[in-house]
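This report refers to the structure that appears directly beneath it.
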Amino acid sequence: MLGSLHERVLDGVGHLIVSGELAPGDTMHAEHAEQRFGVSRSVVREAVRVLQSLGLVETVKRVGIRVLPMSRWNLYDPLVIRWRLAQPTRGAQLRSLTELRSAVEPRAAELAARYANDEATAELLALAARMRSVGREGDLELFLELDIRFHSLVLAASGNEMFAKLDGVIAEVLTGRTDQGLMPRHPHEEALQWHVDVADAIQGGRPEDAAAAMERIMNRTAHEVQSIWAGEPRVYWDRR
């Protein structure tokens, strides 16, 4: 039960912060959180420790729990991404994530075509083939699992450990799009074929073809969701 209570407080406060209901500089006392969520001090303390690790809050002696500005947040953490995608203003977050993927994933595919081992290339081909079958059937839940695995494996197969660590980011944005109803019921045939093309180019050791096919996937992704962020301002802050 403690785990579920901890998650309830963590999610509750996380959403309050990323939504702006608790603004940077605002303070909250542990006893207020206890009352609001109906939990013990130990549950609040554990949730606050996680929020601190994410850069969302800091504890100030004789002041309380103080909310930090976005410039301090760990924006790559899956929890922060999940909370931001759940907000009505999710467009800005979705745009940033899509631009990040567009910058990284074609390059990862190119590197994978140079350095991936036989086991990874065989799995990518199998995943792409199964994605096409499942996508045509309209099983979004299973398709999501396969899609996450495919894109995560491309990152890992690049041989770049920094790219590989973005797998949690990819998983959250793909999950968020599905949960928010931003994925078509049946993926486009072109997109399904492009996944096959990526896998085939990686298996065949054709870096330029792998990058081009992944670029087409990213362009299609941006086209499908760009209306969500139309008019959303970009996020700037002073890191000094």
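The values are calculated or read from the model by the stated rules, or taken from the named source; none is laboratory data. Nothing here was measured: the structure is a model prediction, and the numbers come from that model. Note: ideal-geometry Cβ built from the backbone for every residue, glycine included; neighbour counts use all protein chains shown. The area values use the complete protein model at the heavy-atom level, side chains included, leaving out ligands, DNA and RNA. Shrake-Rupley method; radii C 1.70, N 1.55, O 1.52, S 1.80 Å.
Which one of A230, A116, A164 has the biggest mean-square fluctuation once the chain is modelled by GNM with Cα springs under 10 Å?
Result for the chain, Cα springs under 10 Å: A230 fluctuates most.
Quick one: Cα centre-to-centre distance for region 54-85 and region 93-171, in angstrom?
29
Add -39500 (n - 2.57) for each DSSP H run of 4 or more in the chain, then divide by its residues: what number comes out at 222 nm, to the nearest 500 deg cm²/dmol?
Helix-only estimate at 222 nm: -22000 deg cm²/dmol.
In nm, what is the difference between 0.36 nm times the number of residues separating H15 and Q180 and their Cα-Cα distance?
Between H15 and Q180, full extension yields an extra 57.8 nm.
Just to verify a number: what accessible area does R234 come out at with the full protein assembly present, 1.4 Å probe, Å² rounded to tens?
The value for R234 is about 120 Å².
Where does the chain land on Rg/Rh, using Cα atoms and the Kirkwood Rh?
On the way: Rg = 20.3 Å, Rh = 19.5 Å.
Radius of gyration relative to Kirkwood radius: 1.04.
With r defined as the distance between the Cβ atoms of N117 and R36 and R0 fixed at 51 Å, what FRET efficiency is calculated, to the nearest 0.05?
With R0 = 51 Å, the Cβ-Cβ based efficiency is 0.50.
Treating the angle as unsigned and between 0 and 90°, give the value, to the nearest 10°, between the Cα long axis of helix 90-115 and the longest Cα principal axis of the chain.
Tilt of helix 90-115: around 40 degrees.
What is the set of long-range amide H partners of V57 at a cut-off below 5 Å, with H atoms built 1.01 Å from backbone N?
Result for V57 returns Q52, L68.
How far, in degrees from 0 to 90, does helix 2-18 lean away from the longest principal axis of the Cα atoms of the chain, to the nearest 10?
Tilt of helix 2-18: around 90 degrees.
Helix 118-137: angle to the longest alpha-carbon principal axis of the chain, degrees 0 to 90, nearest 10?
Once rounded, one gets 80 degrees.
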